[in-house]
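The values are calculated or read from the model by the stated rules, or taken from the named source; none is laboratory data. Note that the structure is a prediction, hence the values are computed from the model and not measured. For neighbour counting, all protein chains shown are included, and Cβ atoms are generated from backbone atoms with ideal geometry for every residue, glycine included.
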Amino acid sequence: MHGSSGPIARFGRRLFPGHNSLARGSDRFEALVLKLVILAALLAIPVAATVGSTNHGRQVAAAAADATGRQAATAYLLTAAPVRIVDSESVGTDDSTTQAIWTDSRGTRHTGGVLATPGSPAGTAVPVWIDARGELTAAPRNASTAVFDSVLVGLWLWFAVVAALVLVHRVVRLVLDRRRAAAWERAWAVYPRSGSWP
């Protein structure tokens with residue numbers, strides 16, 4: 001619908017009831033709460049952006065710390081990785097642990113279990129991460145994901161603030177609606193009941 005009965009027009013009347021001579025005090029109070037909710041939602045944008053930026057800095061620093069003392073290496077399977085068996089009753093297994101050998105930066109050889117694609121033959125190269133002692137370790141956090149994660153943190157924070165503000169507005173409106181309904185009931189009570197007119 002368009003014109004004075006459209007949703008935009010109704011929202012405008014709710015936001016600015018002062019233009020309506022029939023507006024009640026409760027209508028003006030509800031409009032004030034709605035304006036404060038909108039203002040708070042707008043002010044929350046730079047706050048969420050600041051939190052996201054701070055989180056980005058922490059994640060970049062954490063990724064740099066993770067990378068310290070770790071290095072990428074290549075392990076070679078000593079045996080073939082087990083073949084994944086899939087039938088009608090089982091989904092199968094994911095990458096399996098298979099014995100492999102790798103060499104650290106000092107030229108020392110190490111052996112251990114690494115995750116390999118099922119069915120990989122012996123001698124298959126598998127990328128791994130090792131620590132300063134040449135032992136297997138988890139891959140460091142990737143700094144390139146810090147931007148994405150930080151944007152998510154900022155968005156989730158803003159959505160949470162907006163959701164809380166909308167809830168506050170809904171509660172205020174519910175209370176006002178009940179009071180307005182009670183006022184209407186009291187106003188109708190002063191009129192004679194149907195059929196009692198002279």
(message) Exactly one of these conditions fails for Ile8: (1) exposed (fewer than 14 other Cβ atoms within 10 Å of the Cβ); (2) at pLDDT 65 or above; (3) closer than 21 Å to Val126 by Cα; (4) not aromatic (Phe, Trp, Tyr). Give me its number.
(response) (3)
(message) Condition (residue is modelled with pLDDT under 80 and assigned by TED's automatic domain parsing to the domain that holds Arg170) applied to segment 31-40: is it met by at least one residue?
(response) yes
(request) Would you check which residues across segment 116-133 are more than 16 Å from Ala64 (Cβ to Cβ), without any contact (Cβ under 8 Å) to a residue 60 or more places away in the chain and surrounded by 15 or more Cβ atoms within 10 Å (Cβ to Cβ) and list them? (result) Ala116, Pro118, Ser120, Thr124, Val126, Val128
(request) Go through segment 175-198 residue by residue and tally those that are surrounded by 10 or more Cβ atoms within 10 Å (Cβ to Cβ) and at pLDDT below 60. (result) 0
(message) I'd like to verify a number: residues in segment 120-146 that are touching a Leu at 6+ places or on another chain (Cβ under 9 Å), under 18 Å from Asp104 (Cα atoms) and of a type in the set (A, V, I, L, M, F, W, C), how many?
(response) 5
